[in-house]
Amino acid sequence: GGTCLRIGCIPSKALLESSELYHEAKHGFERHGLRVEGLRFELGAMMKRKDDVVRSLTSGVDSLFKKNKITRYLGTGRFVAANKVVVDGTTEPTELEAKHVIVATGSVSAPLKGAELDGDRIGTSTEALAWPEVPKHLVVIGAGAIGLEMGSVWARLGAKVTVLEYADRILIANDAEIAAEAKKSLEKQGLKFQLGVRVTGAKVKGAGCVVTIEGKDPIECDRVLLAAGRRPTTAGLGLEAIGLALDEKGRIPVDDHFATKVAGVYAIGDVIRGPMLAHKAEDEGVACVEHIVTGRGHVNYDAIPNVVYTAPEVAGVGKTEEELQQAGVEYVKGSFPFMANGRAKALNQTEGRVKILAHAKTDRIIDTHILDPR
């Protein structure tokens, strides 16, 4: 694994913060009586700060390994037996034997038929975190958290951004009412959306790219970000060597305690069922080891928050209103706009609302959804 810290959540949040500060200085300071002349940004400095944040945190992980006397083998692991893993690296392969083995290999960007990734003009979020210049026109394929966050970064820095989404709405994993309000806010910031469209191809054309859409005119642009989801990283693990088959979505089947059908082999995080969130994986890692050692370990999946770090941010915990309706749960809803909130007015950030759904009979809070700065 390691996507979150190295090429995911942490570097993207660093760029989101830098670009948001620039955008606020350019568009929001005057309302506070602040005048800024000659404002500009240095992309190289932004990228260096992002890299420094990642470097600092990865060094911290190194220190934790040393402090806790954890032996690390750098390389690629694969099963040769249920209790034996071979590490292929730069030196001779190393065979490790253990009573318990946990698979925590994370996920990679899902491919899209017809999208020809070249690692430069057409790439995933990994490439979008390190582009050397601001695209004049960026096409984002996918209106999930990754697409909207990285689209926001480059839009704030001056790119024209067009977001293409197969579904008829953005943020399909989030509450529909909150997502619809977030879309309006993003449109005010300059992002253009085409929803309910099927992308049939993305190819490099000269110094730019062309994106083809079923039933619509092709779009020419400078760069393409493919953010149409992620898939579990299971290739090359040697799972077939231990008789472990994947499910229909390419995930490793586990029981409620993260154990596979192969004794001594466990799996957590993006390679198993559930949302692909780093904090979900971390909680599962703790619960898995606690269960191995003590026989007890539990994750409350109804209490895992989900945040999209656009501006304003989209956050939720618990079921969405649509999921409650589908399940036939009786609920009552409370909603309050930040337009009427004193703190929000003082910040001059009044977009969004907080929405709380509670059980109709017990008044127990079932879920909460928020659209709000920070």
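A few remarks follow.
- R0 of 35 Å, Cβ-Cβ distance Glu42-Asn348: FRET efficiency to nearest 0.05: 0.85
- By accessible area with a 1.4 Å probe, ligands and nucleic acids excluded, highest first: order of Tyr331, Tyr266, Tyr166: Tyr166, Tyr331, Tyr266
- Solvent accessible area, Å² - Met276, 1.4 Å probe, full protein context: 70
- When peptides 305-315, 56-66 are ranked by their average number of other Cβ atoms within 10 Å per residue, the highest-first order is 305-315, 56-66.
- Proximal charge balance of Asn341 [Cβ under 14 Å; K/R count +1, D/E count -1]: +3
- Within the accessible area of the range 178-236 (1.4 Å probe), percent carbon and sulfur: 47
- Tilt relative to the chain, helix 145-156 - C-alpha long axis, 0 to 90 degrees, to 10: 40
- Taking each DSSP H run with n ≥ 4 as -39500 (n - 2.57) and averaging over every residue of the chain yields -9000 deg cm²/dmol at 222 nm.
- Estimated at 0.36 nm per residue, the fully extended path between Val87 and Lys249 surpasses their Cα-Cα distance by 55.7 nm.
- In terms of distances greater than 18 angstrom between alpha carbons, the cross-link table entries Lys160/Lys192; Lys183/Lys319; Lys192/Lys355; Lys333/Lys355 yield Lys183/Lys319; Lys192/Lys355.
- Separation of alpha-carbon centers, the range 28-90 and the range 312-374, rounded to whole Å: 33
- Base-10 log of normalised Debye intensity for the range 127-272 (one unit scatterer per alpha-carbon) at q = 0.13 Å⁻¹: -0.71
- A simple rule links phi to the HN-Hα coupling: the Karplus curve 6.51 cos²θ - 1.76 cosθ + 1.60 with θ = phi - 60°, which for the range 259-272 gives 8, 7, 6, 8, 4, x, 10, 10, 8, 9, x, 5, 7, 10 Hz, with x for Gly and Pro.
- Normalised per residue, the accessible area of the range 33-182 is 55 Å², obtained with a 1.4 Å probe and no contribution from ligands, DNA or RNA.
- The charge dipole of the chain, taken about the Cα centre with unit charges on the Cβ atoms of Lys, Arg (+1) and Asp, Glu (-1), comes to about 620 debye, rounded to the nearest 20.
- Per residue, the Cα convex hull of the range 244-373 amounts to 150 Å³.
- Centre-to-centre separation between the Cα atoms of the range 191-259 and those of the range 92-140: 11 Å.
- Dipole of the chain computed with +1 at Lys/Arg Cβ and -1 at Asp/Glu Cβ about the Cα centre; of Leu324, Ser152, Val163, farthest Cα towards the positive end is Ser152.
- Accessible area of Val108 in the full protein assembly, 1.4 Å probe (Å², nearest 10): 60
- Projected label distance in nm at Glu116 and Lys216, using a 7 Å step from Cα toward the beta-carbon: 2.2
- Kirkwood hydrodynamic radius (C-alpha pairs) into Stokes-Einstein, the chain, 25 °C and 0.890 mPa s, D in µm²/s: 107
- Cβ charges +1 (Lys, Arg) and -1 (Asp, Glu), total dipole of the range 140-195, debye: 300
- Using R0 = 22 Å, the C-beta based FRET efficiency linking Glu97 and His257 works out to 0.45.
The values are calculated or read from the model by the stated rules, or taken from the named source; none is laboratory data. These numbers come from a predicted model, not from an experiment. Methodologically, a virtual Cβ is constructed for each residue, glycine included, from the backbone with ideal geometry; neighbour enumeration extends over all protein chains shown. Side chains are part of the model used for accessible areas, which takes the heavy atoms of the whole protein and leaves out ligands, DNA and RNA. Shrake-Rupley method; radii C 1.70, N 1.55, O 1.52, S 1.80 Å.
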